[in-house]
Amino acid sequence: MTLKLEDKKAIVAAVKDAADSAFSAVVADYRGLTVSQITTLRNQAREHNVYLRVVRNTLARRALEGTNFELLNDSLVGPTLIGMSMSENDMGAAARLFKDFAKDNTKLELKSGVFDGKLFTGNELDVLAKLPNREQALTTLVSLLQAPVSKFGRLMTALKEKNEEQAA
C-alpha cells in the first residue's frame with residue numbers, strides 16, 4: 001500500500017509527538033504474529049498507557065531524529081513495532097509489556113530499548129522491564145526509611161527489658 005506524502009508526514013508527526021513526551025521506548029520485530037495477537041498486544045498497551053505503533057523504518061528514523069530515542073535507529077531493521085511508555089508513574093511499562101507478551105508469543109523478538117539516554121539490548125532489556133512503577137518505588141522508599149526506626153525501637157525495648165531484669 002502506497003502512502004501519500006501527507007500521510008507520511010502525519011505518521012512522522014504522530015510518532016515524534018509521542019517520542020517527545022515518552023519516558024522510555026522499546027523496538028521489537030513482530031514478524032510471524034497474527035492479527036489477533038497484535039490486537040491483544042494493542043489492547044494491553046492501552047491498559048498500561050503505552051503508545052504502540054507499527055511504523056516503516058524510514059518514517060520511524062525521521063520521527064525519532066532529535067529525540068532521546070534516536071539511539072534506536074540502528075535497531076530499525078525489518079518489521080518494526082515501537083512501544084513507548086507514556087506514564088511518568090511507570091517508565092518501564094513498554095519493556096515490561098513486550099517482555100510479558102514475548103513469554104507467551106515467542107515470535108515477538110525484542111530488539112532494543114532506550115531509557116534516560118541509554119541503549120538497552122538483548123538481556124539488558126530485563127533491567128528496563130524491571131523498573132518499578134511509582135507505587136512500587138514509594139513502597140520501597142518507605143520500607144527503607146522505616147527500617148532504621150524499627151531497629152532503634154527494638155534496641156530500646158531490649159535495653160528496657162535488660163534494665164528490668166537487672167533491677168529484679
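Rule-based calculations on the coordinates, nothing more; no lab input. Remember, it's a predicted structure, so these values are computed and weren't measured experimentally. Cβ coordinates were reconstructed from backbone atoms using ideal geometry, including for glycine residues, and neighbour counts include every protein chain displayed.
What angle do you read, to the nearest 10 degrees and between 0 and 90, between the alpha-carbon axis of helix 134-167 and the longest principal axis of the chain? Helix 134-167 sits at roughly 10 degrees to that axis.
Per residue, the convex hull spanned by the Cα atoms of the stretch 5-131 amounts to 96 cubic angstrom. Counting only alpha carbon atoms, the long axis of helix 35-47 and the longest principal axis of the chain meet at about 50°.
Would you list Val26, Val54, Val35 from fewest to most Cβ contacts within 10 Å?
Val35, Val54, Val26
So for Met84, Met156, Met91, fewest C-beta neighbours within 10 Å to most, what's the order? Let's see the in-between values first.
On the way: Met84 24, Met156 10, Met91 21.
Least to most surrounded, the residues fall as Met156, Met91, Met84.
The angle between the Cα long axis of helix 93-104 and the longest principal axis of the Cα atoms of the chain comes to about 80 degrees, rounded to the nearest 10.
Relative contact order for the chain: 27 percent, from Cα pairs under 8 Å spaced at least 6 residues apart, divided by residue count.
Going by average Cβ density within 10 Å per residue, which order do the peptides 105-112, 63-70 take, highest to lowest?
Values: 105-112: 17.2, 63-70: 18.8.
Highest mean packing first, the order is 63-70, 105-112.
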